Amino acid sequence: MKFNWGTKLFIGGALFIIFIVSMVTFMIRQNIELVKDNYYEDALNYESELQKFKKTKGLDFEITYNDSAQQLSFHSAMGGRQSGFAYFYRPNQSDLDFVKSFVLNEYGTSILSTADLEKGRWKVKYEWVVNNDTLAAVKEFYIQ
């Protein structure tokens, strides 16, 4: 079967249009999860968040994740009986984000269980208060 140039041009244009429509349909159906809902408020509070992290520079603390024991431990050499909050973020599913409070024992350690968390990448931000200063530290970990 032999086509003239007009027919070939029409078929090529129709295939291009079908390709574009199918790509737009595919992209519209993708679930794009935003990590945070209030980006504007977070941008306004960015400087205060940055100050929390700057205050932790040079301080002696450690955040470790033990995959075999399914535990996240926070250790601070500044003393015990401090309290704060651990903010758990799931980068691709914001509906799994939650907050846990923690209290350091007399040795300056707090252990949180990660047994209930879904598999995948997580980010935890610890915030605690020392001498009326709010301090913050972040740790990323992967649950297998």
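The values are calculated or read from the model by the stated rules, or taken from the named source; none is laboratory data. The shown structure was predicted, so the numbers you read here are calculated from the model rather than taken from an experiment. Cβ coordinates were reconstructed from backbone atoms using ideal geometry, including for glycine residues, and neighbour counts include every protein chain displayed. Please note that ligands, DNA and RNA were not included when accessible areas were found on the heavy atoms of the full protein model with its side chains. Shrake-Rupley method; radii C 1.70, N 1.55, O 1.52, S 1.80 Å.
Quick check on region 49-56. Is at least one of its residues within 25 Å of Tyr126 (Cβ to Cβ), among the hydrophobic types (A, V, I, L, M, F, W, C) and in contact with a Ser or Thr (Cβ under 8 Å, 6 or more places away or on another chain)?
no
I'm trying to understand the selection: among the residues of region 52-62, which are free of Cβ contacts under 8 Å to residues at least 60 places away in the same chain and assigned to a helix (DSSP H, G or I)?
Lys54
Among the residues of region 63-97, how many are farther than 19 Å from Asp116 by Cβ, of a type in the set (Gly, Ala, Ser) and part of a loop (DSSP other than H, G, I, E, B)?
3
Would you check if there is a residue in region 30-40 being surrounded by fewer than 10 Cβ atoms within 10 Å (Cβ to Cβ), among the acidic types (Asp, Glu) and either within 19 Å of Val138 (Cβ to Cβ) or touching a helix residue (DSSP H, G or I) at 6+ places or on another chain (Cβ under 9 Å) (or both)?
Yes: one or more hits.
When you go through Trp128, Trp122 one by one, which is the residue that is of a type outside the set (S, T, N, Q) and more than 13 Å from the chain's Cα centre (by Cα)?
Exactly one residue qualifies, and that residue is Trp128.
Mind checking whether some residue in region 50-63 is loosely packed, with under 14 Cβ neighbours inside 10 Å and within 18 Å of the chain's Cα centre (by Cα)?
yes
Inspect region 88-101 for any residue being basic (Lys, Arg) and on the phi > 0 side of the Ramachandran plot and give the result as yes or no.
No, there is no match, as no residue in region 88-101 is basic (Lys, Arg) and on the phi > 0 side of the Ramachandran plot.
Starting from region 22-51, take each residue that is part of a loop (DSSP other than H, G, I, E, B) and list its partners that are modelled with pLDDT of 85 or more and open to solvent by less than 90 Å² (accessible area, probe 1.4 Å), counting only C-beta distances under 7 angstrom and pairs at least six apart or across chains.
Correct list of pairs: Val35/Tyr89.
Which numbered condition trips up Trp128, out of (1) assigned to a strand (DSSP E or B); (2) open to solvent by 30 Å² or more (accessible area, probe 1.4 Å)?
That leaves (2) as the condition not met.
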